[in-house]
Amino acid sequence: MNLHEYQSKRLFAQHGIPIPRGEVATTPTEAREIARQLGGKAVVKAQVLVGGRGKAGGIKLAATPDEAEERARAILGMKIKGLTVSKVLVDEAADIAKELYLGLVVDRAQRRVVMMGSSEGGVDIEEVAARSPEKIIKVPIHPFVGFRSYQALELALSLGLPRELFNSFTRIAMGLYEAFMGSDASLAEINPLVITGDGRLLALDGKMSVDDNALFRQTTLAEMRDVSEEDPYELEARRFGLSYVKLDGEIGCMVNGAGLAMATMDLTKLYGGSPANFLDIGGGATAERVAAALRIILSDKNVKAVLFNIFGGITRCDEVARGIVAALAEVPTNVPMVARLVGTNEEEGRAILASANMITARTLPEAAQKAVQAAKGQLGGGLS
Ligand code: GDP
Ligand code: MN
C-alpha cells in the first residue's frame, strides 16, 4: 500500500523531520484559502500515487492566493499516468538552494534495510542510478544494531553537506529510519530533501510504501488507504482474500498457491501464450471464492482462455469444481476453459467439470498447451 505525499510527510513530521506548512484541498476555493493562510506564495501539488508529477504538470508555483486557486483549478481533475487528481496539497513555497535525495529501502540482495543518499536529488533516483551510480551512497543497516548516528554522519560527509547541517541531517535520517521501521514500510523516501536559501534542511516531497502483510497491525495506516486510486478488480480480489495482479496477456490463470501460480505462468509463456493475470486463490478455497475469482478473471476483456491449475491438498478438487460450475452459472461466457486438477478428490472434480463441457488435462504441460491453443481458437470445447 502506498501513501500519498501529504500522508507520508505528516508521518515524517511526527518523527521530527521538518516539512513545509500546508494543507490538502479538494476545490480551487479551498486552495486559495489555504494559500492565504500560508501568507501568499505557495506550491500546488497533485496528490496521486505515481511519481514524476512535476514533469507531468502536476506541480505548480503560485505567487498569490488567486494564482493558487487558478493552479488548483488546472490541476484538479487532470490525469497523471491514468489517475485523476482529486486532491491537491497546498504547501508554503520553499526557496531551494540545493536538492538532495534520502531514502530507505529493503535490499533483498544484502538482506538489510539500506539507507541511500545522493547529492543529485529532485530527479528520478532510478535515472541517477543508471547514469552515475557512484553518486548514490548506500549505508546498510544491521537488523539488530539499527541505524546509528555515526552512520548518518558518514552519509552527511559523503554528501558534502556543510558542517552546520550535520546535526539537523542526523535527526532527519534517524527520524526517517524510525518512521520506516515503525510503519513496517518497504520504502520511505524524501526526494527532494532541500537546503533552503537560508540554510535549513526541509523535506519537500515524501513517499512511503507499507507492507500489505503488516496492515493488520498498522491500523492507523490501513485507514489511510485511498481505494479510489486502486484497480477495482484488485480491490474486489482482496475482499475475497485472493491475491490477484492484472497483467496484459490473454490467458486467465486460476491457481491455488503462489509458487504454483508462478510455474503456471512460466509454462503458459513456454508454450507461446501470455498470462492475463497472477491469481492465487489460496488454500482451502471455497466455491464462493472460486466464483469471485472467475468473475474477476472474466471481467478482463483480453482473456481468450482460462486455465485452472489446482493442486488438491487442503483444497478439495470437487469443491473447486463446484465453485467453477457455480461461477459459470452466474457469469455466462464463451471463453474456453482448461482445467488440471490433481490431488484430493480429483476424480470427482474432473467428473463435475467434464459434465460442464470443460477441457480437462492431467499434467500441467498438457493443460498449458491446451490453454494456449484454446486462446488461439484452435481447440473446441468452449462453453455455449
Ligand atoms: P514529483 O515530481 O512527483 O517527485 O514531485 P516533487 O514534490 O518532488 O516536486 C518536483 C519538483 O518540483 C522538485 O524537485 C522541485 O524542484 C519542485 N518544487 C516542489 N516544491 C517546490 C517549492 O516549494 N518551491 C520550488 N521552487 N520548487 C518546488
Ligand atoms: Mn519527488
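The values are calculated or read from the model by the stated rules, or taken from the named source; none is laboratory data. Note that this is a predicted model, so its numbers are computed, not measured. Using ideal geometry, Cβ is built from the backbone for each residue, glycine included, and neighbour counts are taken over all protein chains shown. These accessible areas exclude ligands, DNA and RNA; they are computed on the full protein's heavy atoms, side chains included. Shrake-Rupley method; radii C 1.70, N 1.55, O 1.52, S 1.80 Å.
Tabulated results
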{"item": "Output for segment 43-71, where each listed residue is over 15 Å from Glu5 (Cβ atoms) and crowded, with 20+ Cβ neighbours inside 10 Å", "result": "Ala62, Pro65, Ala68, Glu69, Arg71"}
{"item": "Residue that is in contact with a strand residue (DSSP E or B) (Cβ under 8 Å, 6 or more places away or on another chain), at pLDDT 95 or above and acidic (Asp, Glu), where the choices are Glu99, Glu120", "result": "Glu99"}
{"item": "Residue under evaluation Thr26, criteria (1) in contact with a Lys or Arg (Cβ under 6 Å, 6 or more places away or on another chain); (2) under 17 Å from Lys207 (Cα atoms), criterion not met", "result": "(2)"}
{"item": "Subset tally (residues that are farther than 10 Å from Ala46 by Cα and within 14 Å of ligand 1 (Cβ to nearest atom)) for segment 72-88", "result": "2"}
{"item": "Residue list for segment 12-64, restricted to those being charged (D, E, K, R) and near ligand 1 (Cβ under 10 Å from one of its atoms)", "result": "Lys41, Lys45, Arg53, Lys55, Lys60"}
{"item": "Any hit, segment 112-126, residues being acidic (Asp, Glu), within 16 Å of ligand 2 (Cβ to nearest atom) and not in a helix (DSSP H, G or I)", "result": "yes"}
{"item": "Candidates Ser118, Ser168, filtered to the one that is away from ligand 1 (no atom under 16 Å from the Cβ) and outside the structural domain of Val48 (by TED's automatic domain parsing)", "result": "Ser168"}
{"item": "Qualifying residue in segment 127-146 (condition: within 16 Å of ligand 2 (Cβ to nearest atom), hydrophobic (A, V, I, L, M, F, W, C), within 18 Å of Leu187 (Cβ to Cβ) and in a strand (DSSP E or B))", "result": "yes"}
{"item": "Single match in Arg340, Arg322, Arg295 (criterion: in contact (Cβ under 8 Å) with a residue 12 or more places away in the chain, part of a strand (DSSP E or B), in the same structural domain as Gly249 (by TED's automatic domain parsing) and open to solvent by 30 Å² or more (accessible area, probe 1.4 Å))", "result": "Arg340"}
{"item": "Selected residue (criterion: surrounded by the most Cβ atoms within 10 Å (Cβ to Cβ)) from residues of segment 265-292 that are over 20 Å from Gly241 (Cα atoms) and hydroxyl-bearing (Ser, Thr, Tyr)", "result": "Thr268"}
{"item": "Residues of segment 173-229 that turn out to be part of a helix (DSSP H, G or I), buried (at least 18 other Cβ atoms within 10 Å of the Cβ) and within 16 Å of ligand 1 (Cβ to nearest atom), as a count", "result": "1"}
{"item": "Any hit, segment 298-314, residues being charged (D, E, K, R), touching a residue at least 40 places away in the same chain (Cβ under 8 Å), in contact with a helix residue (DSSP H, G or I) (Cβ under 8 Å, 6 or more places away or on another chain) and assigned by TED's automatic domain parsing to the domain that holds Lys246", "result": "yes"}
{"item": "In segment 1-34, residue nearest to ligand 2 (Cβ to nearest atom) [restricted to those that are basic (Lys, Arg) and open to solvent by 70 Å² or more (accessible area, probe 1.4 Å)]", "result": "Arg10"}
{"item": "Qualifying residue in segment 41-53 (condition: without any contact (Cβ under 8 Å) to a residue 24 or more places away in the chain and not assigned by TED's automatic domain parsing to the domain that holds Val210)", "result": "no"}
{"item": "Cβ-Cβ under 8 Å pairs, at least 6 apart or on other chains, segment 13-39 side outside the structural domain of Met174 (by TED's automatic domain parsing) and modelled with pLDDT under 95, far side outside any helix (DSSP H, G or I) and of a type in the set (Asp, Glu)", "result": "Gly39/Glu92"}
{"item": "Which numbered condition Leu102 misses (of (1) over 21 Å from Ala56 (Cβ atoms); (2) open to solvent by 50 Å² or more (accessible area, probe 1.4 Å))", "result": "(2)"}
{"item": "Residue match in segment 77-97 (condition: farther than 22 Å from Met181 by Cβ, open to solvent by less than 70 Å² (accessible area, probe 1.4 Å) and part of a helix (DSSP H, G or I))", "result": "no"}
{"item": "Matching option when the condition is under 20 Å from Glu234 (Cα atoms) and modelled with pLDDT under 95, among Asn334, Asn302", "result": "Asn302"}
{"item": "Residue identified as closer than 21 Å to His4 by Cβ and modelled with pLDDT of 95 or more among Ser158, Ser183, Ser149", "result": "Ser183"}
